[in-house]
Amino acid sequence: MFERILNVLWCLLGLATMVNSWSLGLTGSFGPESGFFPFICGALITVCGLGLLFKGSKEAVPNPDWPRAAALGRISGVVAGLIAMAATLPYLGFAVASALTTFVLLQTVERSRLVESLIITVVSVAVVMLVFGRLLGMNLPRGPWGW
Amino acid sequence: MDAINGLMMGFSVLFTAENLYFCLLGSIVGTLVGVLPGIGPLAALALLLPVTFQLSAVAGLGMLAAIFYGAMYGGSTTSILVNIPGEAASVVTALDGHAMAKQGRAGAALGMAAISSFVAGTLSLVALTFFSPLLASVALKFGPPENFALMVLGLVCTLYMIGGSTLKGVLMIALGFLGAIVGMDIVNGQDRFTLGTVNLSAGIEILSVVIGLYGVSEILMNCETIVKNQMLAEKIKGLWPTFADWKASWKPMMRGSFLGFFLGLVPGGGPVTASFVSYTLERRIAKDPERFGKGAIEGVAGPEAANNAAVSGGMIPLFTLGIPGNAVTALLLGALVMQGVQPGPMFITQRPDLFWGVVASLYVGNVFLLLLNLPLVGLWVQCLRIPYRVLFPLILLLSIVGTYSANKNIFDLWVMIGFGIVGYVLRKLQYEFSPFLIAFVLAPMLEQSLRQSMVMSPDGLMIFAHRPIAAVLIVGSLILAALVFLKRKSKQPHGDL
């Protein structure tokens, strides 16, 4: 079922690409315009989407191994952690945002012990900051406190 | 400049403390990645790609290539000792390698795997040294129509070699093109598919795509289950193979080297395909094929030689034609472009220092890997003790820092997370990412070649028929495309991520 919905989405994406490409212009006096190449891509996506849709069970994965209960919780936790980190990074800076995310993920997703989580968090953040911030001279985002 | 002089210049470029240090670092990281089952070589390459921005091109490329080589070496260690392939190209090594370990011959299997890898790696590098300038001189005759036709052939070859659904493969190529088109059209400044946001005007950052698809989606896959590492209790001894082992292995080693090199050359081929084909060949020509799977040393020597030789083979189309044959070389192409270098027919003549420096680093990396893998095998086995929960935060933070480092733009992180989630779903539905990545990297060149060809031509698409090389390549592509759709899946795994 999920794969069918995805195949419909491919068709819609392909059609939308073709319509948008058409508005960009396909050919002009000097050959292909901006829309020519994307139009071909859109057409390919639509044809493949239709092919996958109509070939149905021949192309579909018989029983996709979707995560259940605990596994789904762990995956959702990691995604939530990544989203939280991307959202807080500009405000809290790399050190604090990454430490908070890592600690929370270790406690919730990996279910590590408190002391172990603290140690892994401090070491991981310190290693990344040392390697990227100091050794490679990369400017990592800083929080209002200057680090 | 002939190949020998070029290589000598390459060694003179390479022999600086910085270059050698990063070559050694790449070898160590690659071996570690190969040993640890929680992270694959592509994810590691994607995560460490941003590190190369801060390095010279030779050091950066040398390090990335060493990671890939190292993963091939390290992957065999866990295949043989604990029957867990650290990466896909070592899956077949586990069949006979682990059987040898159970018979108390782990040392001989490890020794032969490392020696085969070294011999094949060196032989294929010699071929790369002499073959690349020749191919580049031929490719100098190529204009936009030939380049376009060659890239089309490369993409069709990729489709031919992938496992799974062909339709999904074509779809991934089209999506890769579409992803790369997003942004401002460099010819006329028109915005394409930017959804009105400034963040997309410069296009989708390749690092966000690669780290999302390979890094984040792999983290999500690993999170499904708690990765438990296994240890081998017994001590490893007798790493040097016996005379009988040598006698049984040298021919498979040579065949594997030859086969791997040529399969590496073909777009879509690569270490995984090479190792499977080599194993099948050895079993088929063996006088007593029933020994295979029960500890035949030929089943270790052939595939290990083939997967290492394929790595060097894959570098030739990348450096001489600017065409990546698999996901790893697509990543290396991305790294070169980020360094402001465009590989292709002119690459060797315009940047001989870089080309020969990278080739020299491959030779040195191969020696580093032999030294790291034979005497220090016990140390790598100890690395299996590292629990995944220690690696997991590091991989996660590397994903964030790596993506952010490209443009210092938080928007790239959102793109990475998006590609990570989509990548996870597509992995579950058995979509392959290598056609996507190759198309994503090739799209700008492909579109430019097509446009230039059309501008050159008074007869539109007929230019591809009027130019003999382009015509042959297009006809070849059409025949291969027809074969792709006629071919039903063979039972042999082909997929090469």
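The values are calculated or read from the model by the stated rules, or taken from the named source; none is laboratory data. The model shown is predicted, which means the values in this text are computed figures rather than measured ones. Note that each Cβ is placed from the backbone with ideal geometry, even for glycine, and that neighbours are counted across all protein chains shown. For accessibility, only protein heavy atoms count, side chains too; no ligands or nucleic acids. Shrake-Rupley method; radii C 1.70, N 1.55, O 1.52, S 1.80 Å.
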*Out of the stretch B:177-186, which residues are at the interface with another protein chain (Cβ under 9 Å from one of its Cβ atoms) and out of contact with any strand residue (DSSP E or B) (no Cβ under 9 Å at 6 or more places or on another chain)?*
B:Phe177, B:Leu178
*Qualifying position, being among the polar types (S, T, N, Q), open to solvent by 20 Å² or more (accessible area, probe 1.4 Å) and either touching a residue at least 12 places away in the same chain (Cβ under 8 Å) or assigned by TED's automatic domain parsing to the domain that holds A:Leu52 (or both), among A:Thr121, A:Thr88*: A:Thr88
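Where in the stretch B:1-88 are the helices (runs of 4 or more DSSP H), entirely inside, with at least 1 residues that are at pLDDT 85 or above? It would help to see each step written out before you state the result.
On the way: elements: B:3-14, B:17-35, B:41-48, B:57-82.
Where helices (runs of 4 or more DSSP H) fall fully within the stretch B:1-88 and carry at least 1 residues being at pLDDT 85 or above, they are B:3-14, B:17-35, B:57-82.
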*Does at least one position in the stretch B:400-416 carry a residue that is more than 7 Å from chain A (Cβ to nearest Cβ), among the β-branched types (Val, Ile, Thr) and open to solvent by 50 Å² or more (accessible area, probe 1.4 Å)?*
no
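Which one of these is surrounded by fewer than 21 Cβ atoms within 10 Å (Cβ to Cβ) and within 14 Å of another protein chain (Cβ to nearest Cβ): B:Gly104, B:Gly164?
Values: B:Gly104 fails: within 14 Å of another protein chain (Cβ to nearest Cβ).
One residue alone meets the criteria, B:Gly164.
With the condition kept exactly as written, say whether any residue in the stretch B:378-391 is hydroxyl-bearing (Ser, Thr, Tyr) and within 14 Å of chain A (Cβ to nearest Cβ). Show your work before the answer.
First, pick out the residues of the stretch B:378-391 that are hydroxyl-bearing (Ser, Thr, Tyr): B:388.
Restricting the remaining residues to those that are within 14 Å of chain A (Cβ to nearest Cβ) gives B:388.
Yes, the stretch B:378-391 contains a residue that is hydroxyl-bearing (Ser, Thr, Tyr) and within 14 Å of chain A (Cβ to nearest Cβ).
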*Out of B:Ala120, B:Ala99, B:Ala127, which single residue is open to solvent by 10 Å² or more (accessible area, probe 1.4 Å), within 30 Å of B:Pro343 (Cβ to Cβ) and small (Gly, Ala, Ser)?*
B:Ala127
*From the set of residues in the stretch A:15-28 that are within 10 Å of another protein chain (Cβ to nearest Cβ) and polar (S, T, N, Q), which is surrounded by the fewest Cβ atoms within 10 Å (Cβ to Cβ)?*
A:Thr27
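Got a sec? Which of A:Leu44, A:Leu12, A:Leu6 is part of a helix (DSSP H, G or I) and more than 8 Å from chain B (Cβ to nearest Cβ)?
On the way: A:Leu44 fails: more than 8 Å from chain B (Cβ to nearest Cβ); A:Leu6 fails: more than 8 Å from chain B (Cβ to nearest Cβ).
Going through A:Leu44, A:Leu12, A:Leu6 in turn, just one is part of a helix (DSSP H, G or I) and more than 8 Å from chain B (Cβ to nearest Cβ): A:Leu12.
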*Please identify the pairs in which a residue from the stretch B:212-232 that is under 16 Å from A:Gly73 (Cα atoms) and at the interface with chain A (Cβ under 9 Å from one of its Cβ atoms) has its Cβ atom under 7 Å from the Cβ atom of a residue that is outside any helix (DSSP H, G or I) and modelled with pLDDT of 60 or more, counting only partners at least 6 apart or on another chain.*
B:Cys223/A:Val109; B:Glu224/A:Pro67
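Quick check on the stretch B:427-436: of everything there that is surrounded by fewer than 21 Cβ atoms within 10 Å (Cβ to Cβ) and part of a helix (DSSP H, G or I), which residue is nearest to the other protein chains (Cβ to nearest Cβ)? Step through it out loud before you land on a result.
Let us first name the residues in the stretch B:427-436 that are surrounded by fewer than 21 Cβ atoms within 10 Å (Cβ to Cβ), namely B:427-430.
If we keep only those that are part of a helix (DSSP H, G or I) too, we end up with B:427-428.
Numbers: B:Arg427: 10, B:Lys428: 5 Å.
The selected residue is B:Lys428.
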*Restricting attention to the stretch B:279-297, which residues are touching a residue at least 60 places away in the same chain (Cβ under 8 Å) and surrounded by 24 or more Cβ atoms within 10 Å (Cβ to Cβ)?*
B:Tyr279, B:Ala296, B:Ile297
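Every residue, every condition in (1) modelled with pLDDT under 90; (2) out of contact with any Cys (no Cβ under 8 Å at 6 or more places or on another chain); (3) more than 8 Å from chain B (Cβ to nearest Cβ), yes or no:
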| position | (1), (2), (3) |
| --- | --- |
| A:Ser57 | yes, yes, yes |
| A:Leu72 | yes, yes, yes |
| A:Val79 | no, yes, no |
| A:Leu89 | no, yes, no |
| A:Val96 | no, yes, yes |
| A:Val123 | no, yes, yes |
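Do we have A:Pro32 as facing chain B (nearest Cβ under 7 Å), buried (at least 20 other Cβ atoms within 10 Å of the Cβ) and more than 23 Å from B:Ile211 (Cα to Cα) here? Outline the logic, then answer.
Details: facing chain B (nearest Cβ under 7 Å): yes; buried (at least 20 other Cβ atoms within 10 Å of the Cβ): yes; more than 23 Å from B:Ile211 (Cα to Cα): yes.
When the stated conditions are applied, A:Pro32 passes them.
Taking the residues in the stretch A:98-115 that are in a helix (DSSP H, G or I) and within 19 Å of the chain's Cα centre (by Cα) as candidates, determine which candidate is modelled with the lowest pLDDT. Steps first, please.
Here is the first cut: in the stretch A:98-115, the residues in a helix (DSSP H, G or I) are A:98-108, A:114-115.
With within 19 Å of the chain's Cα centre (by Cα) added as a condition, the list becomes A:98, A:101-102, A:105.
Details: A:Ser98: 92, A:Thr101: 92, A:Thr102: 91, A:Leu105: 88.
Residue satisfying both the conditions and the ranking: A:Leu105.
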